[in-house]
Structures are given as structure tokens and as C-alpha cells.
Amino acid sequence: MKATAIAPSNIAFVKYWGKSNEALRLPANGSISMNLSGLYTITTVEFSSSYPTDDVVIDGVVHDKATARVSKHLDRIRAIAKTNLRAKVVSKNSFPSSTGLSSSASGFAALTKAAVDALSLNLSEQELSILARQGSGSAARSIPDGFVEWVKGSTSDSSYAYSLYPSEHWKLHDVVVIVSDEKKSVSSEEGQILAETSVFYEARMNYIEQKLSEAKEAVKKKDFERLGVLAEREAFEMHAIMLTSWPPLVYWTEATIVFIKQIHAWRKQGLPVYLTLNTGQDIHVLCEEQTVNRLQTFLRDLPYVKQISINTPSVGARQSNTHLF
Ligand code: PMV
């Protein structure tokens, strides 16, 4: 009763920030994303009567808080399989976790797929996405392939993600620039609860449907400039809500701001790059294939850049035959 899964992290062009139902993790709005080839989680799950409790090791470390959240998620899957068996879970990220690179998206997608496979449950992609969503909202989008839409839904069964286009649709690049591996002090889970305290939240909700249609259109037509402008404006809009929530959420560090200005300077000089950010200090730089080499050369000269990860669109969560234990 052992299985292993690999799942990608994803970057949203239209973000999920705010919930309509906290317990079910229903988002206040739909979102659109791309799965990332270089940022992923590998997870092995084994259910056995020899385990007295769930035992969870993430990147070689045991965290009580993470174990409790994983255990709660396994309970959802155990309920479907009608079993009480405890599990051993070993998980590895290809990138630093809790720095804003959405390790909870790849983590809960991989955990869901591995646990469901270990218990030989025959679930559809939609059912997997619904399950993953309950572990971490954005994990719903790491189940299907390529470019993905998460429909907000009004019940648990109607809130899931599906593939708009497979990964081969468009070789868009997301160069992730890691400026620090410092852990964020407020998790997305805690931050999301504050969204409604911002006076700008309602304004955002008023035109979110229009934005979703525009993003879908830009992805469909592979219109880089349209998608880039939309994604960058969207990232700043989400951070405007974070900054004006109470208590305020400031996820950026000094290096984040210096790098944002650098991107704007490069763009002025003719380098076609756009940025987006999640809950953390690291920056996602969106560009087309022909720009990647030039961008990489420029990045080499920046002392505050600790690491980069070059990503193209990826398939979603899948099974692996190589177990971690
Ligand atoms: O799934 P969570 O609770 O980690 O929230 C993710 C929120 C953002 O990454 C900031 C936005 C998004 O849509 O990915």
C-alpha cells in the first residue's frame, strides 16, 4: 500500500486571494495558472498497520504543524477508502519551501495523488483536484496538465481545476528568481483570511470575471504582451490588497523591491519581461523562449540573486515508480 507521486508547483496569472468558504476552501474567485517544470514535490505515502500514527518528513525535517495538516488531509482520503490505517509520508521539494514558491500547491497535489494511489482508489482528475483543493487551494491547479483554470464553484464538488491547454500549447517561460530562502512569517492560509479587511477587495471582485476572460483569451492566442501586462498588474493588485489588509501583510524584502525596479528598467530598455509574485519575496519573471538567454546573462550580474529556476509549462500530478523509502 505504497505509492509515489510527483506534482508541479504552479504560477497564477489571475490569483486566488480570499475565500468564500473557509472550511471547504472555496475561493472567492476563479483563477488561471501554468504548471512549472522545475519546481516540484515528490512524495511517497505508505499506509500500514505497523504505523501507530502518521509520520511525516518533509525535506528531511519533522514539523508538528505540517504533520497535523497532512494528517487532516489523509483523513479526507481515509474516509473515502473507509480505512483507519496510518501512513508514513516522505516528501522532497526541488526548491526552498515557505518562501513564496507555492510548495503547498505541489505538496498537497503530490500528497493527494500518492495517498489515493496507495489506497488503490480509482478517482477522476476532477475528484483529485477537489481533494487537493481541500489541503491547499492552489494545489487544485497542480493536478491537471499545462495551462489550468480553477472554477470557483459554490459547493465542494463544483470547485475544481481543469486543463485549458496541455503543456505543449505554448513554450512560455517563467524564470523564478530566488533572492532569499528566508521563510515567510505569515502563511498564505493565515494571510487569505485578512483579504476582506482591505478596502480594495470589493473593487477587485467587481471586475475579476472580465480579467479571467482576458487571461483565457491571451493564453489561447499566445499573446505574450497581453498576458504579461495582465499578470503583472494582477500581482501588484493582490499585493495592494495584502498591504492594505489589517494587520498589513508585507511579503517583500529589500531585494524584491530592488529587483522589481530592475525589471522595469530592463523593460524600458526593450527587454520583453513581466513579473509576478506570490506570498513571498521571490519573483517570477515571465518571458518568451527567445529572451531567456539574455535574461540569464543579466541575472548573473546581480549580487542579490541567490538562485534561479527556469520553468516551462509542465504536466500535472503523476505517479512515479521511484519511491523515497
Ligand atoms: O493555496 P494557498 O493557500 O497557498 O494560496 C496561494 C495564494 C497565492 O499563491 C498567493 C495566489 C495563487 O493563486 O497561487
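Here Gly280 meets the list (1) away from the ligand (no atom under 15 Å from the Cβ); (2) at pLDDT below 95 almost entirely, failing just condition (1).
Here's a check for you: in segment 8-28, which residue that is more than 13 Å from the ligand (Cβ to nearest atom) and in a strand (DSSP E or B) is least open to solvent (accessible area, probe 1.4 Å)? Here the residue is Asn21.
Quick grid of which residues meet (1) in a helix (DSSP H, G or I); (2) closer than 18 Å to Gly153 by Cα:
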position	(1), (2)
Val186	no, no
Gly191	yes, no
Glu202	yes, no
Met205	yes, yes
Leu212	yes, yes
Ala218	yes, no
Glu225	yes, no
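Within segment 183-194, track down each residue that is in contact (Cβ under 8 Å) with a residue 24 or more places away in the chain and away from the ligand (no atom under 11 Å from the Cβ). Hits for segment 183-194 are Lys183, Val186, Leu194. The lone criterion from (1) of a type in the set (Ser, Thr, Tyr); (2) free of Cβ contacts under 8 Å to residues at least 40 places away in the same chain; (3) near the ligand (Cβ under 9 Å from one of its atoms) left unmet by Ser33 is number (2).
Based on this model, can you work out whether Ile80 counts as buried (at least 18 other Cβ atoms within 10 Å of the Cβ), away from the ligand (no atom under 15 Å from the Cβ) and in contact (Cβ under 8 Å) with a residue 12 or more places away in the chain? No. A search for C-beta distances below 9 Å between a residue of segment 100-113 that is on the phi < 0 side of the Ramachandran plot and any residue that is acidic (Asp, Glu) and surrounded by 24 or more Cβ atoms within 10 Å (Cβ to Cβ), counting only pairs 6+ apart in sequence or on different chains, returns Leu101/Asp282. Please work out if Gly137 is farther than 19 Å from Gly38 by Cβ, in contact with a Pro (Cβ under 8 Å, 6 or more places away or on another chain) and within 11 Å of the ligand (Cβ to nearest atom). So Gly137 passes the test.
Taking the stated definitions as given, is Val219 more than 21 Å from Asn21 (Cβ to Cβ), in contact (Cβ under 8 Å) with a residue 24 or more places away in the chain, away from the ligand (no atom under 16 Å from the Cβ) and surrounded by 13 or more Cβ atoms within 10 Å (Cβ to Cβ)? Steps first, please.
Values: more than 21 Å from Asn21 (Cβ to Cβ): yes; in contact (Cβ under 8 Å) with a residue 24 or more places away in the chain: yes; away from the ligand (no atom under 16 Å from the Cβ): no; surrounded by 13 or more Cβ atoms within 10 Å (Cβ to Cβ): yes.
For Val219, the condition - more than 21 Å from Asn21 (Cβ to Cβ), in contact (Cβ under 8 Å) with a residue 24 or more places away in the chain, away from the ligand (no atom under 16 Å from the Cβ) and surrounded by 13 or more Cβ atoms within 10 Å (Cβ to Cβ) - is not met.
Against the definition (at pLDDT 95 or above, within 16 Å of the ligand (Cβ to nearest atom), surrounded by fewer than 17 Cβ atoms within 10 Å (Cβ to Cβ) and outside any strand (DSSP E or B)), how does Lys72 come out, yes or no?
Details: at pLDDT 95 or above: yes; within 16 Å of the ligand (Cβ to nearest atom): yes; surrounded by fewer than 17 Cβ atoms within 10 Å (Cβ to Cβ): yes; outside any strand (DSSP E or B): yes.
In short, yes.
Can we say Leu85 is touching a strand residue (DSSP E or B) at 6+ places or on another chain (Cβ under 7 Å) and surrounded by fewer than 19 Cβ atoms within 10 Å (Cβ to Cβ)? It is true that Leu85 is touching a strand residue (DSSP E or B) at 6+ places or on another chain (Cβ under 7 Å) and surrounded by fewer than 19 Cβ atoms within 10 Å (Cβ to Cβ). Within segment 238-261, the set of residues being within 16 Å of the ligand (Cβ to nearest atom) and open to solvent by less than 40 Å² (accessible area, probe 1.4 Å) comprises Met238, His239, Ala240, Ile241, Met242, Ser245, Leu249, Tyr251, Thr256. Among the residues of segment 195-211, are any surrounded by 21 or more Cβ atoms within 10 Å (Cβ to Cβ), under 30 Å from Ser91 (Cα atoms) and within 16 Å of the ligand (Cβ to nearest atom)? The answer is no, given that none of the residues of segment 195-211 is surrounded by 21 or more Cβ atoms within 10 Å (Cβ to Cβ), under 30 Å from Ser91 (Cα atoms) and within 16 Å of the ligand (Cβ to nearest atom). Identification of strands (runs of 3 or more DSSP E) wholly contained in segment 262-325 with 1 or more residues that are open to solvent by less than 30 Å² (accessible area, probe 1.4 Å) and within 30 Å of Val45 (Cα to Cα) yields 307-311, 318-320. The set of residues from segment 92-127 being more than 16 Å from the ligand (Cβ to nearest atom) and open to solvent by less than 10 Å² (accessible area, probe 1.4 Å) comprises Ala114, Ala115, Val116, Ala118.
Within segment 41-59, identify whether any single residue is without any contact (Cβ under 8 Å) to a residue 12 or more places away in the chain and either in a strand (DSSP E or B) or crowded, with 17+ Cβ neighbours inside 10 Å (or both), and answer yes or no. Give the steps one after another, and end with the answer.
From segment 41-59, those without any contact (Cβ under 8 Å) to a residue 12 or more places away in the chain are 50; that's our starting set.
Among the residues that remain, those that are also either in a strand (DSSP E or B) or crowded, with 17+ Cβ neighbours inside 10 Å (or both) are: none.
Checking segment 41-59: not a single residue is without any contact (Cβ under 8 Å) to a residue 12 or more places away in the chain and either in a strand (DSSP E or B) or crowded, with 17+ Cβ neighbours inside 10 Å (or both).
What number of residues within segment 36-58 are hydrophobic (A, V, I, L, M, F, W, C) and within 16 Å of the ligand (Cβ to nearest atom)?
Of all residues in segment 36-58, those hydrophobic (A, V, I, L, M, F, W, C) come to 36, 39, 42, 45, 47, 56-58.
Adding the requirement that they be within 16 Å of the ligand (Cβ to nearest atom) leaves 36, 39, 58.
Residues in segment 36-58 being hydrophobic (A, V, I, L, M, F, W, C) and within 16 Å of the ligand (Cβ to nearest atom): 3 in total.
The values are calculated or read from the model by the stated rules, or taken from the named source; none is laboratory data. Computed from a prediction, not measured in an experiment: that's the story for all the values here. Cβ sites come from the backbone with ideal geometry, for glycine too, and all protein chains shown count toward neighbours. With ligands, DNA and RNA removed, areas are computed over all heavy atoms of the protein, side chains included. Shrake-Rupley method; radii C 1.70, N 1.55, O 1.52, S 1.80 Å.
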